[in-house]
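> Take a look at this one; I'll ask things after.
The values are calculated or read from the model by the stated rules, or taken from the named source; none is laboratory data. Small disclaimer: the values here were computed from a predicted structure and weren't measured. Don't worry about glycine lacking a Cβ; one is built from the backbone with ideal geometry, like all the others, and counts go over all protein chains shown.
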Amino acid sequence: MPELDVPGATLYYETEGRVTDPAVLLIHAGLASLRMWDPLAPELAVDHYVIRFDTRGYGSTVSTDAEYSNRADAIALLDHLGVARATVIGCSRGGSIGIDLALEYPDRIAGLVTIGSGPGGFPEQPLTEREEQLFAAIDEAWEAGDLARVYDLEVEAWAFGPTRSADDLSPTFVRTAYDLNRGNLVRVAERPQPIPLDPPAYERVRALDLPALVLVGDRDLSAAITQYDYLVEAIPGADGCRFVEAGHLPSVEHPAEFEAVLRSWLADKQL
């Protein structure tokens, strides 16, 4: 079981591919763990060195309540593996971490891919009426102490999206989405304290100087769509792509379509 001890945690990670190939660092969504990349990792490993890990509070990583930096954890893993530079591919909070990484460690990040992500410090966005209902249900379950219900409702709000229900989706995707988030229940008692990037990324992304691909599912929450529009405009030279029939996890919901878009972009940017 590959693990890396860092101050306040033991990070679980996996690698695939040849160390001599270009490196990609996959950072999972808050609804998932590194298992969300299971369909993609072996395909990318044909010609990339694929690195993925469970961030603190998720999956098989074990954390204490200590303060920590998500950026420092990622760099510690790259150092441990002897990787000088990597293209970071992050979904949701994973993409936000990727943006922060590119700002704090520009010499270590060769390219940036975000999926349904926003930069830290992004202004709070108004919710639609349906989104208000979804988040009210999550709050109610939280107050009732029904954590399993909270985790399932999070999936329904984000992965399914406010305009769809489980009945509209592939049963395989529905089962996978629930399982990915339920797997994090084992970490619910842990309270690692992330140190945010200061100043936050929102006012700084215009200074990014690297190839960037910004992705979003059209069935995602309205705030994710707004953040997508902002990043495509704000990051110099950024490319954008919207997946018409996907929610917050397009790489899980439509892995073949997602891989095709990602591979084309990586080849075009020679990453």
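Each row is one residue, and each column tells you yes or no for (1) touching a Gly at 6+ places or on another chain (Cβ under 7 Å); (2) among the acidic types (Asp, Glu).
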{"position": "GLY8", "(1), (2)": "no, no"}
{"position": "LEU11", "(1), (2)": "no, no"}
{"position": "GLU14", "(1), (2)": "no, yes"}
{"position": "GLY30", "(1), (2)": "no, no"}
{"position": "SER33", "(1), (2)": "yes, no"}
{"position": "TRP37", "(1), (2)": "no, no"}
{"position": "PHE53", "(1), (2)": "no, no"}
{"position": "ARG56", "(1), (2)": "no, no"}
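> Can you name the number of the only condition in (1) surrounded by fewer than 20 Cβ atoms within 10 Å (Cβ to Cβ); (2) under 23 Å from GLU156 (Cα atoms); (3) in contact (Cβ under 8 Å) with a residue 12 or more places away in the chain that ALA207 fails?
Result: ALA207 fails condition (2) only.
> Here's a follow-up. Would a scan of the range 24-42 turn up a residue that is among the polar types (S, T, N, Q) and out of contact with any Asp or Glu (no Cβ under 6 Å at 6 or more places or on another chain)? Please lay out each step first, then the result.
Of the range 24-42, the ones among the polar types (S, T, N, Q) are 33.
Remaining after also requiring out of contact with any Asp or Glu (no Cβ under 6 Å at 6 or more places or on another chain): none.
The answer is no, given that none of the residues of the range 24-42 is among the polar types (S, T, N, Q) and out of contact with any Asp or Glu (no Cβ under 6 Å at 6 or more places or on another chain).
> Are any residues in the range 82-112 touching a strand residue (DSSP E or B) at 6+ places or on another chain (Cβ under 8 Å) and among the hydrophobic types (A, V, I, L, M, F, W, C), and if so, which ones?
Those that are touching a strand residue (DSSP E or B) at 6+ places or on another chain (Cβ under 8 Å) and among the hydrophobic types (A, V, I, L, M, F, W, C): VAL83, ALA86, VAL88, ILE89, CYS91, ILE97, ILE99, LEU101, ALA102, ILE109, ALA110, LEU112.
> Something else about it: Going by what's in this entry, would ALA201 be described as crowded, with 17+ Cβ neighbours inside 10 Å, closer than 30 Å to VAL62 by Cα and either of a type in the set (D, E, K, R) or modelled with pLDDT of 95 or more (or both)? Don't jump to the end; show me each part of the working.
Values: crowded, with 17+ Cβ neighbours inside 10 Å: yes; closer than 30 Å to VAL62 by Cα: yes; either of a type in the set (D, E, K, R) or modelled with pLDDT of 95 or more (or both): yes.
Criteria met by ALA201.
> Quick one: is THR20 assigned by TED's automatic domain parsing to the domain that holds ASP198 and either within 24 Å of VAL188 (Cβ to Cβ) or in contact with a Leu (Cβ under 8 Å, 6 or more places away or on another chain) (or both)? So that I can check it myself, show each step before the final result.
Numbers: assigned by TED's automatic domain parsing to the domain that holds ASP198: yes; either within 24 Å of VAL188 (Cβ to Cβ) or in contact with a Leu (Cβ under 8 Å, 6 or more places away or on another chain) (or both): no.
So THR20 fails the test.
> Continuing with this model, one more query. Can you find a residue in the range 161-182 that is touching a residue at least 60 places away in the same chain (Cβ under 8 Å) and under 27 Å from ALA72 (Cα atoms)?
yes
> Would you confirm, using the coordinates I've provided, whether ILE195 is within 25 Å of LEU127 (Cα to Cα) and among the β-branched types (Val, Ile, Thr)?
Details: within 25 Å of LEU127 (Cα to Cα): no; among the β-branched types (Val, Ile, Thr): yes.
Considered against the rule, which asks whether it is within 25 Å of LEU127 (Cα to Cα) and among the β-branched types (Val, Ile, Thr), ILE195 comes out as no.
> Filter the range 75-94 for residues that are within 18 Å of the chain's Cα centre (by Cα) and under 20 Å from ASP47 (Cβ atoms); which is surrounded by the fewest Cβ atoms within 10 Å (Cβ to Cβ)? Give the steps one after another, and end with the answer.
Step one: of the range 75-94, the residues within 18 Å of the chain's Cα centre (by Cα) are 75, 77-78, 86-94.
Subsequent filtering for residues that are under 20 Å from ASP47 (Cβ atoms) retains 78, 86-89.
On the way: LEU78: 20, ALA86: 26, THR87: 24, VAL88: 29, ILE89: 27.
Among them, the one singled out is LEU78.
> Which residue is nearest to THR172 (Cα to Cα), if the candidates are limited to the range 200-212 and must be touching a Leu at 6+ places or on another chain (Cβ under 8 Å) and in a loop (DSSP other than H, G, I, E, B)? Full working, then the answer.
Filtering the range 200-212 down to residues touching a Leu at 6+ places or on another chain (Cβ under 8 Å) leaves 201, 204-205, 207-208, 210-212.
Those left that are additionally in a loop (DSSP other than H, G, I, E, B): 204, 208, 210-211.
Numbers: ARG204: 39, LEU208: 38, LEU210: 36, PRO211: 34 Å.
Checked the range 200-212; the qualifying residue nearest to THR172 (Cα to Cα) is PRO211.
> Being hydrophobic (A, V, I, L, M, F, W, C), part of a helix (DSSP H, G or I) and either surrounded by fewer than 19 Cβ atoms within 10 Å (Cβ to Cβ) or in contact with a Ser or Thr (Cβ under 6 Å, 6 or more places away or on another chain) (or both) is the filter here; which residues of the range 213-231 pass it? Explain how you work it out, then say what you get.
To start, the set of residues in the range 213-231 that are hydrophobic (A, V, I, L, M, F, W, C) comprises 213-216, 221, 223-225, 231.
Okay, now just the ones that are also part of a helix (DSSP H, G or I), so 223-225, 231.
Hits for the range 213-231 are ALA223, ILE225.
> Looking at THR176, is it of a type in the set (Ser, Thr, Tyr), part of a helix (DSSP H, G or I) and either in contact with a helix residue (DSSP H, G or I) (Cβ under 9 Å, 6 or more places away or on another chain) or under 21 Å from TYR58 (Cβ atoms) (or both)?
Working: of a type in the set (Ser, Thr, Tyr): yes; part of a helix (DSSP H, G or I): yes; either in contact with a helix residue (DSSP H, G or I) (Cβ under 9 Å, 6 or more places away or on another chain) or under 21 Å from TYR58 (Cβ atoms) (or both): yes.
Yes: the conditions hold for THR176.
> Take ASP65 and tell me if it is surrounded by fewer than 21 Cβ atoms within 10 Å (Cβ to Cβ) and farther than 21 Å from ALA189 by Cα.
Details: surrounded by fewer than 21 Cβ atoms within 10 Å (Cβ to Cβ): yes; farther than 21 Å from ALA189 by Cα: no.
So ASP65 does not fit the description; no.
> Could I ask something else about it? If you check ASP198, ASP229, which single one turns out to be without any contact (Cβ under 8 Å) to a residue 12 or more places away in the chain and more than 27 Å from LEU271 (Cβ to Cβ)? Talk me through it step by step, then tell me what you get.
Working: ASP229 fails: more than 27 Å from LEU271 (Cβ to Cβ).
Selected residue: ASP198, the only one of ASP198, ASP229 that is without any contact (Cβ under 8 Å) to a residue 12 or more places away in the chain and more than 27 Å from LEU271 (Cβ to Cβ).
> Look at the range 17-41 and say how many of its residues are more than 15 Å from THR87 (Cβ to Cβ) and part of a strand (DSSP E or B).
0
> Within the range 232-249, how many residues are free of Cβ contacts under 8 Å to residues at least 24 places away in the same chain and either of a type outside the set (Asp, Glu) or in a strand (DSSP E or B) (or both)?
Here the count works out to 1.
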